[in-house]
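The block underneath contains the structure these notes are about, expressed in structure tokens.
The values are calculated or read from the model by the stated rules, or taken from the named source; none is laboratory data. On a predicted model such as this, the values are computed, not experimentally measured, just so you know. For neighbour counting, all protein chains shown are included, and Cβ atoms are generated from backbone atoms with ideal geometry for every residue, glycine included.
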Amino acid sequence: MKEGEKNTNPLERNKKQSYLLKIKVNKMVEPITAIAAAIGVGICAVAAGYAEAKIGVAAVGAMSENEKFFGKGLIMTVLPETIVIFGLIVSIMILNAH
């Protein structure tokens, strides 16, 4: 082959394409792993929503009695959202652990 000519050998191209295909396949996530990550985030979100609903009702009731509970009620209402963030972090760790 002369300098500057491209390798047009189809076998060489197929080897390279099959190597690239193997790389892409190896980076795929197993279906059961994806399901586990989705269930983890879903359960965390449902639990946080339930907790936030109960805390929100109590916070509004406390604020209707005394306005100085606004800051505490707001903080207590936001706290369950950290559960979802932790669930998301764990799910990302599950997806990257292979």
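The number of residues in segment 75-85 that are in a helix (DSSP H, G or I) and surrounded by 13 or more Cβ atoms within 10 Å (Cβ to Cβ) comes to 5. Criterion first (modelled with pLDDT of 90 or more and loosely packed, with under 12 Cβ neighbours inside 10 Å) does Ser91 satisfy it? No; evaluated as a whole, the condition is false for this residue. Looking across Glu12, Glu52, one residue alone is part of a helix (DSSP H, G or I) and modelled with pLDDT of 90 or more. It is Glu52.
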